[in-house]
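Values in this text are rule-based calculations from the coordinates and carry no lab data. None of these values were measured; they are calculated from a predicted model. Using ideal geometry, Cβ is built from the backbone for each residue, glycine included, and neighbour counts are taken over all protein chains shown.
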Amino acid sequence: MNLNQECVMLKSELKKFTQQVILDKVDEFEKTCSFPTDNIQKLADMGILGALVPETYDGAGLDLIGFVVSLEEMSKVCASTASIVATHNAFFIYPIFKHGSEELKKKYLPPAVTGEVVGGFACIGTNEAKAASNGENYVITGANPLVFNAVSDGPFTAFVPISGTDSNILACVVDGGSALEREDTNASLGLKSAGIRRIVYRDTTIGSDSLIGSPEKGITVLNDTHDCAIICFAAILVGIAQGALDEAIKYGKERIQFNQPIINFGMVREKVAYMATHIEASRQLVYEAAMLYDTGKNFHRAAAMAKHLAGQTAIETTNQAIQIFGGYGYIRDYPVERFFRDAQVVNVIGGTPAMHKEIIAKETIG
Amino acid sequence: MEYFLTDAEKELKNKARTIAETLVRPVRDEFDIKGEFPMDLVKEMGKQGMLKIFIPAEYGGTGARIMDMCIAVEEVARVCGGAATAYAVGALGSGPISFFASEEQKKKYLPSIATGEKLCAFGLTEAQAGSDAANIQTTAQKQGDFYILNGVKQFISNSCVSDVFTVLASTDKSRGARGISAFIVEKDYPGLSYGKEENKLGIRASVTTELVFENCKVPKENLMGKEGLGFIYTMRNFDRARPGVGAIALGIAQGAFEDTLDFAYQHSLLEDQYVQRIIADMAVEVEAARALTYATARMIDAGVKGCSKESSFSKVYPSDVAMKVALEAIKLMGPYGVLRENYIEKRLRDAKITQIYEGTNEIQRTVIALELTKEASSRAKNKEVSS
């Protein structure tokens with residue numbers, strides 16, 4: 001699939017940035033589980049934090065294909081960084097600019113574009129909170145153990161079931177200053193520097209000005225947000241897989257056993273062939289889904305396929321990369337175990353594999 | 001499935017289950033997070049007779065039966081793969097002493113290893129000798145009444161907490177694998193120290209460091225068996241030990257399966273055919289892994305000669321199943337699965353090592369293929385003869 005000139009340039013710009021700026025810091029951030037604030041600001045300065053925001057709101061107004069290519073490049077080196085950017089764009093900015101009121105857009109989009117605000121997202125699958133109306137406002141109680149980009153006092157989007165309704169979901173922005181606690185539990189297997197926190201709501205009040213669409217439409221906002229987001233996270237999975245393959249090949253060429261580089265051995269080459277083939281297939285599906293989205297065509301089937309295959313690929317590829325490294329793959333001195341852990345987490349963002357298979361089946365059967 | 005365990009085996013299984021549930025479960029998170037060896041736990045297991053099972057009856061043990069090892073190790077791994085490794089490493093280290101050491105050496109070392117008073121580890125792997133194990137660079141030079149050992153062993157499980165080591169070193173480099181000899185090394189011998197401690201993905205309750213020999217003086221009577229036979233002892237020991245790794249993998253797989261089943265039930269997912277497929281496959285494959293592990297253990301215990309192939313079977317399959325089950329579990333649980341509190345992510349981290357340690361699954365497959373080549377060759381000869 002041919003990328004246009006803009007994408008090619010963006011890709012090489014991001015590649016340069018990840019190699020020159022992110023690479024050196026990645027181990028340190030991983031070890032200390034710290035949010036790469038400075039790097040995110042630099043990415044904001046490059047326009048990546050407002051990638052999907054239309055130019056009317058000072059964003060870069062990129063096509064989705066340009067954005068996924070950028071995410072893929074970052075993930076080859078640091079999936080946490082890519083995840084921060086993807087969460088900010090796809091789970092925070094996207095529902096606001098697609099479904100939010102003009103007021104909401106004016107409040108959040110400009111600072112989100114400049115990087116003054118890094119928006120977070122409360123994972124749907126782990127939500128244990130409920131919202132209840134008190135006539136004027138909604139009040140959220142409960143907790144969510146998996147909230148991304150929740151490190152400082154920034155806002156995040158949340159989709160919370162409304163008590164006393166059948167299946168209404170409150171789609172809202174929880175402002176940074178709201179009544180809640182952010183617990184640094186370091187409980188996630190991967191994406192250690194993506195600012196993951198457990199959020200405990202303390203009767204958090206959500207005013208009508210913080211709702212994204214009406215409460216009856218919450219589910220629509222959620223589904224639409226998911227559809228676009230899974231393409232972004234599929235791109236991250238492709239990047240992780242590619243990063244793991246690159247590392248495995250590099251190691252395989254250096255590692256001498258039985259008087260020759262282990263890359264010469266059939267069982268290693270078979271893995272390389274598997275990895276390369278599945279990565280290429282996943283990448284093409286991700287690009288296809290993004291381009292369908294960009295051209296206004298039905299992208300749901302392609303998006304679910306992209307996430308499904310890229311997830312399988314990233315998990316199998318990072319697993320095999322560890323196997324090529326042998327004992328060295330199992331220790332924190334080399335990046336492959338991080339790729340493996342990150343792949344597990346990204347794979348379950350935006351729906352489980354079973355959910356994606358069901359979408360594919362539904363769209364295919366018709 | 002009914003495996004017709006003897007009364008003694010059933011008793012061992014129950015005891016191991018009780019220890020795993022009452023002593024291991026409460027501390028498994030703590031040791032995983034800290035990456036610390038559970039010394040008190042292993043000592044207590046020794047007191048309760050759990051280390052005896054690795055040692056022959058004549059030296060304070062209960063017979064060193066592979067089946068006993070598999071039963072006990074599986075139960076511990078069902079709760080914690082790290083603790084199971086910390087526990088089972090003793091069997092790998094003491095195996096060569098039990099079977100290849102002199103009567104005097106056995107009497108000197110085995111009884112205290114059987115009680116857990118002394119812990120035992122095994123030192124073969126080096127930086128440049130992983131899968132290519134015969135390529136070890138550590139040397140043992142004979143000087144008077146001593147062998148002088150020099151070199152660095154890598155990824156040695158339980159190294160810095162053990163008292164006695166079976167160590168492989170070359171006494172004659174010109175002879176390659178046939179120049180490798182085995183030594184019994186005590187931790188207090190001058191010139192032995194511990195190097196870098198590894199920060200591992202999983203099995204974090206088992207400590208892993210380098211074992212550094214700098215002109216380490218080992219009394220000549222601590223040579224095991226004969227010079228030049230160390231590599232053969234090692235390979236025979238691995239043949240006996242691999243079902244134990246299979247049992248660790250099996251326990252991890254069993255634990256992951258149970259966690260998944262409970263999760264699916266609690267979240268009312270069992271009517272969903274996507275989930276039914278996953279959970280049914282898990283059940284089938286875990287049981288198949290158990291059957292294979294037990295069958296191999298029985299075969300070795302029966303004294304069948306030449307079990308290399310089956311021994312590799314019993315390591316490859318359960319470890320592949322453990323990874324598959326853990327990966328499927330985490331996918332099924334979705335974002336809950338990647339959170340520490342649901343424990344499945346630890347199962348996955350622990351499972352991964354079982355495909356790597358004691359010979360990667362790739363090396364196991366080459367061992368299997370080598371044996372199959374021999375079989376094919378003899379089939380071809382037989383056909384020639386009959387035609």
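The relative contact order of segment A:246-366, computed from alpha carbon pairs under 8 Å that lie at least 6 residues apart in sequence, is 24 percent.
The phi torsions of segment A:163-169, fed into the Karplus equation with coefficients 6.51, -1.76 and 1.60 and a -60° offset, translate into couplings of 4, x, 10, 5, 8, 6, 10 Hz, rounded to whole numbers, with Gly and Pro shown as x.
Here chain B carries DSSP beta bridges of which approximately 85% are antiparallel, counting only pairs with both residues inside.
More than 16 Å apart: what percent of Cα pairs in segment B:326-387 qualify?
Tail of P(r) above 16 Å: 64 percent of Cα pairs.
Largest GNM mean-square fluctuation among A:Ile96, A:Ile249, A:Ile196, using chain A with Cα springs under 10 Å: A:Ile249. Under 19 Å from a label point 7 Å along Cα→Cβ of B:Asn150: give me every residue in segment B:109-127 with its amide N that close. Under 19 Å, as judged by backbone N against the label point of B:Asn150, lie B:126-127 of segment B:109-127. When the Gaussian network model of chain B links Cα atoms closer than 10 Å, the mean-square fluctuations of B:Ile180, B:Ile156, B:Ile148 top out at B:Ile148.
Tell me, which longest segment in chain A has none of the trypsin sites (Lys or Arg not before Pro) that fall in DSSP loops with at most 15 further Cβ atoms within 10 Å? After excluding every exposed loop site, the longest remaining stretch is A:1-296. When only the Cβ of Lys, Arg, Asp and Glu is charged (+1, +1, -1, -1), the dipole of chain A relative to its Cα centre reaches about 860 debye. If you plug the beta carbon distance of A:Glu183 and B:Lys15 into 1/(1 + (r/R0)^6) with R0 = 41 Å, you get a FRET efficiency near 0.55. Can you return the lysines within cross-link range of B:Lys13? Criterion is Cα-Cα under 21 Å, with same-chain partners fewer than 8 residues away left out. By straight Cα distance, B:Lys13 reaches B:Lys43, B:Lys47, B:Lys52, B:Lys315.
Summarising the amide proton neighbourhood of A:Ala51: residues at separation of 5 or more, or on other chains, whose placed amide H is nearer than 5 Å comprise A:Ala60.
Once the C-beta distance of A:Lys297 and B:Glu214 is scaled by a Förster radius of 56 Å, the resulting FRET efficiency is 0.25 to the nearest 0.05.
Residues whose amide H falls under 5 Å from that of B:Lys196, counting only those 5 or more places apart or on a different chain, are B:Glu210, with hydrogens built in the peptide plane. Pairs of Cα atoms nearer than 8 Å and 6+ residues apart set the relative contact order; for segment A:143-263 it is 24 percent. The lysine pair tally for segment A:5-114, using Cα distances under 20 Å and a gap of 8 or more places or different chains, is 14. In chain A, Cα pairs under 8 Å separated by at least six residues give a relative contact order of 17 percent.
Could you tell me the calculated FRET efficiency between B:Glu58 and B:Lys196, based on Cβ-Cβ distance and R0 = 56 angstrom, to the nearest 0.05? Calculated transfer efficiency: 0.90. Pairs of lysines in segment A:219-365 whose Cα atoms sit within less than 21 Å of one another amount to 7, provided the residues are eight or more positions apart or on different chains. Along chain B, the exposed loop sites are trypsin sites (Lys or Arg not before Pro) outside DSSP states H, G, I, E and B with at most 14 other Cβ atoms within 10 Å, and the longest stretch free of them is B:1-225.
Each of A:Ile140, B:Ile363 has some number of other Cβ atoms within 10 Å of its Cβ, and from fewest to most they run B:Ile363, A:Ile140. So, counting K/R as plus one and D/E as minus one, what does the shell of residues with Cβ under 9 Å around B:Lys220 add up to? Combined, the nearby Lys, Arg, Asp and Glu give -1. Let a ≥ b ≥ c be the square roots of the eigenvalues of the Cα gyration tensor of segment B:121-228; is it rounded (a/c under 1.5), or, if not, prolate (a/b larger than b/c) or oblate? It is oblate, given that a/c is not under 1.5 and a/b is not larger than b/c. Ordered by the count of other Cβ atoms within 10 Å of each Cβ, fewest first, A:Asp209, B:Asp320 give A:Asp209, B:Asp320.
Our helix-only sum for chain B, with -39,500 (n - 2.57) per DSSP H run of n ≥ 4 divided by its residues, gives a mean residue ellipticity at 222 nm of -18000 deg cm²/dmol. Karplus-based coupling profile of segment B:297-313, in residue order and whole Hz: 4, 4, 4, 5, 4, 6, x, 4, 7, x, 9, 3, 5, 5, 4, 5, 3, with θ = phi - 60° in 6.51 cos²θ - 1.76 cosθ + 1.60 and x standing for Gly or Pro. The distance between label points at B:Lys173 and B:Leu370 comes to 2.4 nm (points 7 Å beyond Cα on the Cα→Cβ vector). The amide H of B:Tyr147, built 1.01 Å from its N in the peptide plane, has B:Val218, B:Lys220 as neighbours under 5 Å, considering only residues 5 or more places off or on other chains. Taking label positions 7 Å along the Cα-Cβ direction at both A:Ser34 and A:Glu55, the computed distance is 3.9 nm, reported to one decimal. Of all the options B:Gly130, B:Gly176, B:Gly144, the one that moves most in a Gaussian network model of chain B with Cα springs shorter than 10 angstrom is B:Gly144. First check a/c for the protein assembly as shown, with a ≥ b ≥ c the square roots of the eigenvalues of its C-alpha gyration tensor; if it is under 1.5, answer rounded, and if not, answer prolate when a/b is larger than b/c or oblate otherwise. Prolate shape, in that a/c is at least 1.5 and a/b is the bigger ratio. Counting only lysines at least 8 places from B:Lys381 when in the same chain, those with an alpha carbon closer than 26 Å to its own are B:Lys305, B:Lys309.
Per-residue 3J(HN,Hα) values for segment A:68-77, derived from phi via the Karplus relation 6.51 cos²θ - 1.76 cosθ + 1.60 with θ = phi - 60°, read 5, 5, 5, 4, 4, 4, 4, 5, 4, 10 Hz in sequence order (x marks Gly and Pro).
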